[in-house]
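Step one of this worksheet: look at the structure below.
Please treat every number below as a calculation from the coordinates, not as lab data. Remember, predicted model here, so these are calculated numbers, not experimental data. For neighbour counting, all protein chains shown are included, and Cβ atoms are generated from backbone atoms with ideal geometry for every residue, glycine included.
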Amino acid sequence: MTKSERYDEYLAFAELYDYVVPYRERQDVSFFVEAAKAAGGPVLEVGCGSGRVLIPTARAGIEITGLDLSADMLAVCRERLKAEPQEVQSRVLLVQEDMRAFELPERFRLATLPFRPFQHLTTVEDQLACLGCIQRHLVEGGRVILDIFNPMMEALVKKNFGEEMAEEPEFTMPDGRKVIRRHKITSRDVANQINYVELIYYVTHADGKQERLVQAFPMRYLFRFEAEHLLARAGFEVEQLYSDYDKSPYGAKYPGELIFMARKR
Ligand SMILES: C[S@@+](CC[C@H](N)C(=O)[O-])C[C@H]1O[C@@H](n2cnc3c(N)ncnc32)[C@H](O)[C@@H]1O
């Protein structure tokens, strides 16, 4: 996809993103801020979205470039940045680029992909293109943190396709809209490890008008050793594998996350 073709998977949903309760309450921000501080910056956040992690990182004194393909998510991030002090704003550069094909002038000590942007890539070709781009943008000895979910075996054998799951509390937007979000898997391509996911937003406006918005996208699931092999093919050596943002080692929690810290070889 070129930048002129509008990438719109996040189109109508960008403004809702920061209010979704499980996103708002995700316990990963301090992990990424600490990693950025340890690296010392500059940091590249690939798939930075609305700045959920990027803005706290800049507040911590780190120079950070946020890369995202979605003009709408970047617009939310820019708007949020306007409320930050000038010195925080001055540490941030936002670029609208595809994580599979980008060329920036700067080289980074750390690249991060918080909250699974990598799983939007559905082919090995795209995954390697992305990791290759990241590798070329790191200084010698620079690191990448690849953050993906650990596929849960029990969930993969379930065939609850089309069933809307409602586990999240309602949230309220600043303009008074009340939103209930549900999610479902419409189908699974087992051969290619892809879940076709829908996030469904039931919106009730202040005047009582109701809307049902559907964000549909494919998500690839990756297994532990597959991700390790991909990182190795792209020129990285895995140093750490965590199952949680509290740095629990892989295996300590199930399913937990797959959080790889890998060093450029
Ligand atoms: C789940 S959000 C994560 C945002 C942010 N990192 C966070 O932790 O909140 C995934 C992001 O990846 C972006 N994305 C998806 N495909 C992309 C691509 N090919 N290149 C760049 N960004 C992409 C989306 O626009 C979205 O902002």
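A few remarks follow.
- Inter-probe distance in nm under a simple model that places probes 7 Å from Cα toward Cβ, at LEU104 and ALA71: 2.1
- Choice from MET153, MET73, MET165 showing the highest fluctuation, given a GNM over the chain with Cα pairs closer than 10 Å: MET153
- Spin-label proximity, GLN240 to segment 106-128 - amide N less than 16 Å from point 7 Å beyond Cα toward beta carbon: 110-115
- Here the Debye sum runs over all C-alpha atoms of segment 32-140 as equal scatterers in vacuum, and log10 of I(q)/I(0) at q = 0.14, 0.22 Å⁻¹ comes out as -0.50, -1.22.
- Within a Gaussian network of the chain (alpha carbon springs, distance under 10 Å), most fluctuating of ALA60, ALA71, ALA36: ALA60
- Label sites at THR123 and GLN89, each approximated as a point 7 angstrom past Cα along Cα to Cβ, lie 4.1 nm apart.
- Extension gain, ALA191 to LYS158: 0.36 nm times the residue separation minus the Cα-Cα distance gives 10.3 nm.
- FRET efficiency, 1/(1 + (r/R0)^6) with R0 35 Å, evaluated for VAL21 and HIS229 via beta carbons: 0.50
- Listed residue pairs exceeding 27 Å between alpha carbons, taken from LYS82/LYS209; LYS37/LYS184; LYS158/LYS247; LYS159/LYS253: LYS82/LYS209; LYS37/LYS184; LYS158/LYS247
- Cα gyration tensor shape of the chain, rounded if a/c is under 1.5, else prolate or oblate by comparing a/b with b/c: oblate
- On full extension, the segment bounded by SER30 and GLU198 gains 57.6 nm, given 0.36 nm per residue less the C-alpha separation.
- For segment 154-166, the Karplus equation 6.51 cos²θ - 1.76 cosθ + 1.60, evaluated at θ = phi - 60°, returns couplings of 4, 6, 6, 8, 6, 10, 8, 5, x, 7, 7, 9, 10 Hz by residue, with Gly and Pro reported as x.
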